[in-house]
1. Hey, could you get me the Stokes-Einstein D for region 182-267, Kirkwood radius over alpha-carbon pairs, 20 °C and 1.002 mPa s, rounded to whole µm² s⁻¹?
2. Let me know the whole percent of all Cα-Cα pairs from region 114-267 that are separated by more than 24 Å.
3. With each label point set 7 Å from Cα along the Cα-Cβ vector, what nm distance links Met148 and Asp262?
4. Arg198 to Ser218: FRET efficiency via 1/(1 + (r/R0)^6), r the Cβ-Cβ distance, R0 22 Å, to the nearest 0.05?
5. Based on the Cβ-Cβ distance of Val234 and Lys90, what FRET efficiency does E = 1/(1 + (r/R0)^6) give at R0 = 51 Å, to the nearest 0.05?
6. Ranked from the most accessible area to the least, with a 1.4 Å probe and all protein chains present, what is the order of Glu146, Glu225, Glu250?
7. Need one number: nm distance between label points at Ser190 and Thr119, each 7 Å from Cα along Cα→Cβ, rounded to one decimal.
8. Please arrange Val234, Val149, Val78 by accessible surface area, largest first, computed with a 1.4 Å probe and ligands excluded.
Amino acid sequence: METMRLTENKKSSKGVIIGLLLFFIIGGSILFFALKTEEEPVTVGSVSENEKTQSLVDVDSVNKEELKDKNSAIPYNVNDKKIVDNSNKKMKANITIPVISIDNEELTSINEEINKYYTDMYSSLKEQMASASNNYTYTVTYNVYENMVDENKIISVTIYERIIDDSAKKNTMNKIKTYNIDAATKEQISQSNDIAQRIFDKDYKTIIKNAIKDYVVSNKMMKEEEFNYTYTGVKPFYIKDGKFHIIFNENDLVDTKYGVLDITVEN
């Protein structure tokens, strides 16, 4: 009996393996790309960090504008107080000083300080000049300026003090004092650093120093190489029409013959 040999043709498994590999590679790539490009889930009602930051900026801006509007509306009043004295012909007085009120409240301490300074000065001068050869008049006048510096309402008062030779009709002494008052706090601003920084930003000291140097050099009061001044914020200052003014009284910076310097500082 012949033995029949059956030859079995088995299919190759390589194709199956290659197919599976391709499936996993392509499927994995699609899944990776999908996860990579999927947007971050956002909870309904939530905002992004950028939106939060912008929101805070907007709120801060609104608050500053509201504060500015509120402060700019603060009422104030400045009345004259006159002192006239002809009892001593050698030294007479013609004094007009301010009496300041903010929001219907008189600034008692500031007003008393102003009154005491000028009445004491006149009393001293009257005594000193009792036997003078000429007749003199001690004259005091003032100006008031209102300005907004950022959100702050600043009331600036400049007080001019003079001794006038009545015969020669000329000043023998000139001096300016300033008072700057924050309307919201009703407090006097004694130093100008904070105000100057608000107006001129972080380089305020350099800007002010250069403005002073340019003024005295261009007016031939001093040579540039002689100029030696460091801004400290203690000199009298005031704000007028949004511009910063710094005062140097006689002999403060330059020779007495140049009198009082009222220097406007601009960016």
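1. 157
2. Of all Cα-Cα pairs in region 114-267, 42 percent lie more than 24 Å apart.
3. 2.5
4. 0.25
5. Given R0 = 51 Å and the Cβ-Cβ separation, E is 0.90.
6. Listed by decreasing accessible area, they come as Glu225, Glu146, Glu250.
7. In this crude label model, Ser190 to Thr119 measures out at 2.3 nm.
8. Heavy-atom accessible area, descending, gives Val234, Val78, Val149.
The values are calculated or read from the model by the stated rules, or taken from the named source; none is laboratory data. Just so it is clear, the structure is predicted and the values come from calculations on it, not from any experiment. Reconstructed Cβ throughout: ideal geometry from the backbone, glycine too, with neighbour counts over all protein chains shown. Protein only, heavy atoms only, side chains kept; ligands, DNA and RNA dropped before computing areas. Shrake-Rupley method; radii C 1.70, N 1.55, O 1.52, S 1.80 Å.
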